[in-house]
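To start, the structure itself, in structure tokens.
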Amino acid sequence: MAVQFSAEITPDHVREATAGIFWRQTAAQPMGLVGLMALLTAAESALLALMPGLAWWWYAVLLGLMLLTALGGLVAASRYYQALALRNFSRFKGEAVRVSMDAEAYRYEASWGSGAIEWARFQSLWCLKNVWVLLQHAENGASVLLPAADLGPEARKFLKDRMGLERARIVECSRPKP
């Protein structure tokens with residue numbers, strides 16, 4: 001049985017998908033956080049060795065500045081990936097997409113083209129507030145954005161069931177609005 005619906009991807013969907021996935025993947029990387037903590041510890045140790053005798057609050061201020069610098073780098077990276085995604089998805093702007101999902105593949109048809117992607121190529125389903133994202137984690141993998149407002153209960157159930165059969169991760173699926 002095929003599930004069919006129409007959708008339109010907006011820049012807001014692209015921004016939410018990129019930011020949501022970037023921050024969740026960044027926060028979910030324990031080795032990245034351990035590396036950041038090790039770097040900050042090494043920097044503070046160097047400060048203690050190079051500038052002994054400072055009041056404790058100077059070390060705290062310098063640590064805070066280092067943390068702000070690291071956070072600023074992450075924000076800059078997030079903005080870069082959002083801009084890149086907006087460029088990649090610009091051809092979809094203002095174009096309605098007809099979607100059909102059946103047991104074999106996700107199929108799409110729009111004025112810019114048509115095609116199909118087999119379910120086995122997707123590894124995860126990210127359910128954000130306003131957009132659901134099907135992801136391929138391979139290099140140059142595809143990501144499919146599905147506006148949550150366009151997904152009816154049947155489509156939501158189909159996606160969750162289909163991705164569950166493939167043992168994919170379902171991350172933070174939000175409840176449909178009443």
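The values are calculated or read from the model by the stated rules, or taken from the named source; none is laboratory data. This is a predicted model, so every value here is computed, not measured. When we count neighbours, we look across all protein chains shown, and the Cβ atoms used for this are built from the backbone with ideal geometry, even at glycine. We work out accessible area using only protein heavy atoms, side chains counted, and drop any ligands, DNA or RNA first. Shrake-Rupley method; radii C 1.70, N 1.55, O 1.52, S 1.80 Å.
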Q) So, in region 117-151, of the ones that are assigned to a strand (DSSP E or B) and without any contact (Cβ under 8 Å) to a residue 60 or more places away in the chain, which residue ends up most open to solvent (accessible area, probe 1.4 Å)? A) 118
Q | Any strands (runs of 3 or more DSSP E) falling wholly within region 1-116 and containing at least 3 residues that are touching a residue at least 60 places away in the same chain (Cβ under 8 Å) | A | 3-8, 96-101
Q.
Test of understanding: among 154, 139, which residue is in contact with a strand residue (DSSP E or B) (Cβ under 9 Å, 6 or more places away or on another chain) and acidic (Asp, Glu)?
A. 154
Q. Out of (1) closer than 30 Å to residue 104 by Cβ; (2) open to solvent by less than 50 Å² (accessible area, probe 1.4 Å), what's the single condition that is false for residue 62?
A. (1)
Q: Look at region 159-178 and say how many of its residues are open to solvent by less than 40 Å² (accessible area, probe 1.4 Å) and either hydroxyl-bearing (Ser, Thr, Tyr) or at pLDDT 85 or above (or both).
A: 2
Q.
Which residue is modelled with the highest pLDDT, if the candidates are limited to region 1-18 and must be exposed (fewer than 15 other Cβ atoms within 10 Å of the Cβ) and of a type in the set (A, V, I, L, M, F, W, C)?
A. 2
Q: Check region 19-33 and report whether any residue there is surrounded by fewer than 10 Cβ atoms within 10 Å (Cβ to Cβ) and not acidic (Asp, Glu).
A: yes
Q: Go through 98, 87, 107 for me and flag whichever is surrounded by fewer than 14 Cβ atoms within 10 Å (Cβ to Cβ), more than 30 Å from residue 43 (Cβ to Cβ), basic (Lys, Arg) and over 18 Å from the mean Cα position of the chain (by Cα).
A: 98
